[in-house]
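The next block holds one structure in the form of structure tokens; read it before the comments.
We did not get these values from a lab; they are worked out from the coordinates using the rules stated. From a predicted model like this one, the values you see are computed outputs, not experimental measurements. Cβ sites come from the backbone with ideal geometry, for glycine too, and all protein chains shown count toward neighbours.
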């Protein structure tokens, strides 16, 4: 898992408390509104996303950038996807 | 025998147009909306179209509406779901003392199982929460305030957006239960200034078994029914498609007919209230005289029990209530009326009429013909009334 020091994104998908498998359905919807090269931030409380999101990126040909710690809430994860296509 | 139904706050008949819209979704259009084949995916599109109709009634974006099984579930999701999603901010919620059981008991659940502190706000003699009292009750730990838009028991409309503005200034979530108001007066989430709002199908001329919750964009909610991706992962369980279609159809009718309905109901209600004031002595008109639902008239008749009056009226084909539909079975004296400072002796003579556009003047006149002798008859048996009369005459 790659931890990022600089966490910048062009859009955020807040999936906190949205039940599994919403974390695998919503990123595709959000990426539709982004341009190639732009970054999507996914905020989630779901541990399974740490494995699922990189795997989803690999399967769908998107770039998984890494993960940031949430400074305000240690129970949340921030994951970053760069749009490839 | 003539029958007159004046308890529309408890339930309304499903409008024929609504039933017609619902029927295909019990039979030929039965597909599961989560299915990927067309029999299912087409139903998903229907749900989204109905969601837009409900959103239009509330002046809300359609993606901010969650369908639930009833108003009570929507209230649970609002009070528990929003409070539990913001635990880091604090563990204090405020509700008015006259909320529906689904709000009061959701708050008590938070108190019992999640160490929340709950403040039950008192109301004035009209049943309104005073904004100053709300202001004083707020603490740095306050996460959510829930105050109903109007009470279905005494019809008083709360002071919006004054109440919600106090919370918005301090970043505190504000929920309102608009079950009693959504089919009676305009309900616009922006004008009300609320973060969460509840409505229910049967209060709008829609079916039972369906409700909805509006939530402000970006607001996190902990689901109260955990399942799959339905309602975008915020409320699990296969969708009640006929109910959703019924709610959408009812919302559309309300949206179209409301201005005309308000003036009609107000005239009918005033005819009823004036007639009762003329025909019966020692009666108290409860709730606010002006800031109230147009189809709502509530009274306390001194010296009698509301329940006995309901039975007598029932024998004449008149259906009314003594209070809220849930509370009237469970309690002898309404906690709402007591919270308004009405003595238990007076409060036990409570009678509530809630009218709808289907009611006619001749029905109101029938009530005005049958009610005064019914009150007189009960008072003739009443020791409380006899004692009062003796005191008045100096005997």
Antiparallel bridge percentage (DSSP; both residues within the protein assembly as shown; nearest 5):
60
Pseudo-spin-label distance residue A:14 to residue A:33, built 7 Å along Cα→Cβ, given in nm, is 1.3
Residue with peak Gaussian network fluctuation, chain A [Cα springs, cutoff 10 Å], from A:20, A:68, A:57
A:20
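Among DSSP bridges having both ends in chain B, what percentage is antiparallel? Round to the nearest 5.
Numbers: 20 of 38 bridges.
Once the DSSP bridges in chain B are tallied, antiparallel ones form about 55 percent.
Could you put B:80, B:388, A:82 in order, starting from the residue whose Cβ has the fewest other Cβ atoms within 10 Å?
Details: B:80 23, B:388 16, A:82 19.
Lowest count first: B:388, A:82, B:80.
Can you sort B:210, B:43, B:304 from fewest to most other Cβ atoms within 10 Å of each residue's own Cβ?
On the way: B:210 32, B:43 22, B:304 25.
Sorted ascending by nearby Cβ count, the order is B:43, B:304, B:210.
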Residues A:22, A:1, B:340, B:154 arranged by fewest to most Cβ contacts within 10 Å:
A:1, A:22, B:340, B:154
How high is the FRET efficiency from residue B:358 to residue A:75, r the C-beta distance, R0 60 Å, rounded to 0.05?
0.70
To check my understanding: the extent here is largest minus smallest coordinate of the Cα atoms along each principal axis. What are those three numbers for chain B, in Å, largest first?
78, 52, 33
Per-residue ellipticity at 222 nm for chain A, helices alone: DSSP H runs ≥ 4 residues times -39500 (n - 2.57), over residue total, nearest 500 deg cm²/dmol?
-8500 deg cm²/dmol
Considering the Cα positions of chain A, please state its Rg to one decimal place and its Dmax as a whole number of Å.
11.5, 32
Where labels lie 7 Å past Cα in the beta-carbon direction, separation of residue B:125 and residue A:84 in nm
7.4
Theoretical ellipticity at 222 nm over chain B - DSSP helices of four or more residues, -39500 (n - 2.57) apiece, nearest 500
-12500 deg cm²/dmol
What are the semi-axes of the equivalent ellipsoid for the stretch B:153-289, taken as the square roots of 5 times the Cα gyration tensor eigenvalues, largest first, in whole Å?
33, 21, 13
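According to the Cα gyration tensor, what semi-axes, each the square root of 5 times an eigenvalue, does the equivalent ellipsoid of the protein assembly as shown have, listed from largest to smallest in whole Å?
Values: eigenvalues 475, 133, 53 Å².
In descending order, the three semi-axes are 49, 26, 16 Å.
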With the crude spin-label approximation of a point 7 Å out along Cα→Cβ, what separation in nm comes out for residue B:132 versus residue B:217?
3.8
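So if R0 is 45 Å, what FRET efficiency would residue B:188 and residue A:6 give, r being the distance between their Cβ atoms, rounded to the nearest 0.05? Intermediate values should be presented prior to the final figure.
Values: r = 42 Å, r/R0 = 0.94.
FRET efficiency, residue B:188 to residue A:6: 0.60.
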